[in-house]
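To start, the structure under review is shown below, and the notes come after it.
The values are calculated or read from the model by the stated rules, or taken from the named source; none is laboratory data. Note that the coordinates shown come from a computational prediction; the quantities given were computed from them, not determined experimentally. Because the Cβ atoms are built from the backbone with ideal geometry, glycine has one as well, and the counts that use them run over all protein chains shown.
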Amino acid sequence: MIRGLVIFSLLILSVTSCTNSDVNFTVEGKLENLSVPTIYAVKEITKDSVSIDTITVEKGGKFSYKGKVESQALVSLFVGEGLKPLRFFLEPNYKVSITGNALEGDLVEIRGGRVNNDLADFKKKNANILQSRYRILAKNENLDVSELKNVNYQLARCVRECVESDPAKIAAVILMNDFSINNISVDLLGNDIDLLKGEAANFYLTTSLKDYYDRVKISMVGSVAPDITLQSTRGKSVSLKDFRGKPVLLIFDLKEAPSNEAYFNLLKETQKTLKDKVQFVAIVIDEDDKSPDPKIVEIANSLDWTVLLDGRKWNSQAVKKYNVTEAPYMILISKDGVIEDRDVTFEALLELYKE
């Protein structure tokens, strides 16, 4: 009997010891408006290595997450469909606390560990801009794109100040990935990447930043337009180089474009005005070229310009080559095949060719 109790006690101690050795970080959270029973933590160990953990949400939006990391790991916490993931950093012996409103991802306070504290300090210092950004995004269908771009630019400028003040901080790299990409010029982003040093320069996200910079550099104004070949709605293989000799307006669009009457009518009016000066080429990025919707084909073939199909959407090679992150998006290419302007507006295009 006694021998059995001793063996049982040793087993308990063994299990406890084993459990403790498998835990070197803890995360305690409480979020308002957390309406899902489970949330998911995606740990990015390296650029190509991730792991996913499921976390049970308790009453009142409370949750607890424990585990072990051998080195640095960036975590994206997915707290519900349509909600922005919460990002925080882990290292051995980190004790992280997460509090705030699940609906306001950028405003959630995440503290614990040097990197998380640096990120939280940035959020606190720029709380007014982040709150403005949240209010703009909350408008959904009434979203003011120009207003959002202005706020994003302000945030990117604040990130640049953060990089300049301490270019060795890992937090600076995370902030660059969150707020600088697409919101500052390619040259400024390149300058900030060159400033990074120490831990920040060797952090795996810095490699991603450099890859992004190299990709964007290829598609920036003044660069030779990357060639692409796609199927047209008339069943022909068409390359961008086929249009050399006359300026091209390259339009990245979605198949729902005709349902937006104001935009589509303006597109047709602008093309009618400029058809002798500019060739319009549209790429529908979410319509499969192998079995396209007959209605889409009918509409496309009724237009006085070339429509190409690419059903891979944001994974499309054309989208990646031209670094397109939204649709509709228009790029003006010169008659010699050089990118003249990006994010072109109809007004600017008409003004440019009014003579």
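One table, with the values for the structure above:
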| item | result |
| --- | --- |
| Breaking point among (1) over 25 Å from VAL338 (Cα atoms); (2) surrounded by 15 or more Cβ atoms within 10 Å (Cβ to Cβ), for GLN231 | (1) |
| Strands (runs of 3 or more DSSP E) contained in the range 199-265 and holding at least 3 residues out of contact with any helix residue (DSSP H, G or I) (no Cβ under 6 Å at 6 or more places or on another chain) and hydrophobic (A, V, I, L, M, F, W, C) | 248-253 |
| Cross-chain or 6+ apart pairs with Cβ under 6 Å, the range 24-45 first and closer than 9 Å to GLY67 by Cβ, then exposed (fewer than 14 other Cβ atoms within 10 Å of the Cβ) and modelled with pLDDT of 95 or more | THR26/LYS95 |
| Within the range 335-352, considering residues that are over 23 Å from the mean Cα position of the chain (by Cα) and either buried (at least 16 other Cβ atoms within 10 Å of the Cβ) or in a strand (DSSP E or B) (or both), the one modelled with the lowest pLDDT | LEU352 |
| Qualifying position, being crowded, with 16+ Cβ neighbours inside 10 Å, assigned by TED's automatic domain parsing to the domain that holds SER165 and in contact with a Pro (Cβ under 9 Å, 6 or more places away or on another chain), among ALA200, ALA257 | ALA200 |
| Test: LYS62 is within 26 Å of MET176 (Cβ to Cβ), of a type outside the set (A, V, I, L, M), touching a strand residue (DSSP E or B) at 6+ places or on another chain (Cβ under 6 Å) and free of Cβ contacts under 8 Å to residues at least 60 places away in the same chain | no |
| Unique match (being in a helix (DSSP H, G or I) and modelled with pLDDT under 95) among LYS290, LYS320 | LYS320 |
| Qualifying residue in the range 32-54 (condition: touching a helix residue (DSSP H, G or I) at 6+ places or on another chain (Cβ under 8 Å), crowded, with 16+ Cβ neighbours inside 10 Å and among the hydrophobic types (A, V, I, L, M, F, W, C)) | yes |
| Output for the range 64-80, where each listed residue is touching a Lys or Arg at 6+ places or on another chain (Cβ under 9 Å), assigned to a strand (DSSP E or B) and either of a type in the set (Gly, Ala, Ser) or surrounded by fewer than 21 Cβ atoms within 10 Å (Cβ to Cβ) (or both) | GLY67, ALA73, SER76 |
| Helices (runs of 4 or more DSSP H) wholly inside the range 117-195 that include at least 2 residues being touching a residue at least 60 places away in the same chain (Cβ under 8 Å) | 170-175 |
| Some residue of the range 40-47 being out of contact with any strand residue (DSSP E or B) (no Cβ under 6 Å at 6 or more places or on another chain) and on the phi < 0 side of the Ramachandran plot | yes |
